[in-house]
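Peer 1: The structure that follows is given in the form of structure tokens.
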Amino acid sequence: MVNAFEGLIDRFLGSSAEFERNLRAVRSEQRSWPTPCTEWNVRQLVNHLTSHRKPSPGHQPCDRQEEPLFRSRYRPAMSRSADAGPSQRPVTADDVDRAVQLAVAVLREAPPAAWDGRAGSLEWDCWETVEHLSDDLFAYAAQLGPRTPPLDSEVPFVYESRRPGGPANTIHANREAGPAGLLQVLEASGALLVAMVRTTPPQTRAHHVFGVSDPEGFAAMGIVETLVHMHDLAQGLDLAWSPPADLCARVLARLFPDAPSSTDTWPTLLWAAGRAELPGHPRLTTWRWDGTPRA
């Protein structure tokens, strides 16, 4: 008998992620544009889809009130106890894609002159930090690439720093391509990890400096690198960045099982990665995740 519900949740989450990517691409001036639903403009239609409410009679859109357009997806971070349901779902390739696409969409708003500024508390500038993030995503994909991945070493790509104190990467972006080219490098590196996580058998094991892990573990690592380095970049580029609570909850459950569970997920992830304090928990000076396969 065919199970009509097989894969339903994954299909729903995939379509939601695609909707989110399209929504984040809407420019501010487009929010008052008409839609095929003649009674609603773009803002009103999105609010209808996310709140299931029809605009009240006589409602006039106001482009100054931008937050409601994203309210349903970007709600305040929830505690892991409140988000227990979604946090128990395995970390997937779709989650990696979602994190990278959200990051790229936000970074497209960065002022062109800001990329040489320091990225938060890091010693690297914002351009170098995106290169480093791209390199992380590429490296995790590469570890899963061989038919028999190494269990005690990295795949031996050459990596180098372009300046004293800069990140040592295999991946470097051509500066002549500008910020748009840099973001293509980030998106392409993320796509490599998405493809490897999606196609690698779950029983595969591969080396990481913190311990041997599996495709789900490398997916979670890529997401943590993306979310946390976006925090660094948002500080350096003066951008707003608050990733979805359910995404934070899943990677916390997968890589930081001993992290506080009663606090909001995004601040907890920043704490676990040594970026912030939590009430009753001082900022960590050393940290590491646990990528041990759970199955």
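Peer 1: Take each of the peptides 163-173, 216-226, average the number of other beta-carbon atoms within 10 Å over its residues, and list them starting from the highest.
Peer 2: Output ranking for 163-173, 216-226: 216-226, 163-173.
Peer 1: When the Karplus curve 6.51 cos²θ - 1.76 cosθ + 1.60 is applied with θ = phi - 60°, which whole-Hz ³J(HN,Hα) does each residue of the stretch 105-115 get, with x for Gly and Pro?
Peer 2: 4, 5, 5, 5, 8, 5, x, x, 7, 8, 6
Peer 1: Compute the distribution of all C-alpha to C-alpha distances in the stretch 116-191, in bins of 5 Å from 0, and list the percent of pairs in each, rounded to whole numbers.
Peer 2: With 5 Å bins starting at 0, P(r) equals 3, 16, 24, 23, 18, 9, 5, 2, 0.
Peer 1: Report the calculated FRET efficiency for LEU151 and GLU109 (r = Cβ-Cβ distance, R0 = 45 Å), to the nearest 0.05.
Peer 2: 0.60
Peer 1: Which ³J(HN,Hα) values, rounded to whole Hz and listed in residue order, are derived for the stretch 249-263 from phi using the Karplus coefficients 6.51, -1.76 and 1.60 in 6.51 cos²θ - 1.76 cosθ + 1.60 with θ = phi - 60°, glycine and proline given as x?
Peer 2: 4, 5, 6, 4, 4, 7, 10, 10, x, 9, 5, x, 9, 9, 9
Peer 1: While we're looking at this one, here's another question. At 0.36 nm per residue, and after removing the present C-alpha to C-alpha distance, how many nm does the segment from THR199 to ARG162 gain when stretched out fully?
Peer 2: 10.0 nm
Peer 1: Also: So if R0 is 45 Å, what FRET efficiency would GLU123 and LEU45 give, r being the distance between their Cβ atoms, rounded to the nearest 0.05?
Peer 2: Step by step, r from the Cβ atoms, then E = 0.50.
Peer 1: How high is the FRET efficiency between ASP238 and ALA276 when r is their beta carbon distance and R₀ equals 30 Å, given to the nearest 0.05?
Peer 2: Using R0 = 30 Å, I get an efficiency of 0.95.
We did not get these values from a lab; they are worked out from the coordinates using the rules stated. Since we're looking at a predicted model, the values are computed, not measured. Heads up, the Cβs are rebuilt from the backbone with ideal geometry, glycines too, and the neighbour counts pull from every protein chain shown.
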